[in-house]
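Trainee: My questions all concern the structure below.
Values in this text are rule-based calculations from the coordinates and carry no lab data. From a predicted model like this one, the values you see are computed outputs, not experimental measurements. Ideal geometry is used to build each Cβ from the backbone, glycine not excepted, and the neighbour counts take in all protein chains shown.
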């Protein structure tokens, strides 16, 4: 499915930008969780087109400062990308 994924900025404040270069049209699941208490903050389903797809997770200014885990999975639950992000 995805051939290249980039996430920025890190650290973040209000928004996380995700760019997924997908080899095919497919769906993915994006999860953002607080590492301190494992609470899931956001779950997004995204339909991807073949080529470059840009996704923004916004309105994050109210989150507590700290470490968060971002995971992008295919519809089978297989992790395609995982990263630790810092909220300033």
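Trainee: Please list 7-16, 46-55, 75-84, 25-34 highest first by mean number of surrounding beta-carbon atoms within 10 Å per residue.
Mentor: 25-34, 7-16, 46-55, 75-84
Trainee: Hey, rough spin-label estimate for residue 67 and residue 86, points 7 angstrom out along Cα→Cβ, what's it come to in nanometres?
Mentor: Between residue 67 and residue 86, the label points sit 1.1 nm apart.
Trainee: What FRET efficiency do you get for residue 23 and residue 59 if R0 is 35 Å and r is their Cβ-Cβ distance, rounded to the nearest 0.05? Before the final figure, lay out the partial values.
Mentor: Values: r = 31 Å, r/R0 = 0.87.
It comes to 0.70.
Trainee: Hey, another quick one. From Cα coordinates alone, what are the radius of gyration and Dmax values for the chain in angstrom?
Mentor: Expressed in Å, the Cα Rg and Dmax of the chain come to 12.6, 36.
Trainee: Taking the Cβ-Cβ separation of residue 4 and residue 40 as r and a Förster radius of 22 Å, what is the calculated FRET efficiency to the nearest 0.05?
Mentor: So the FRET efficiency works out to roughly 0.30.
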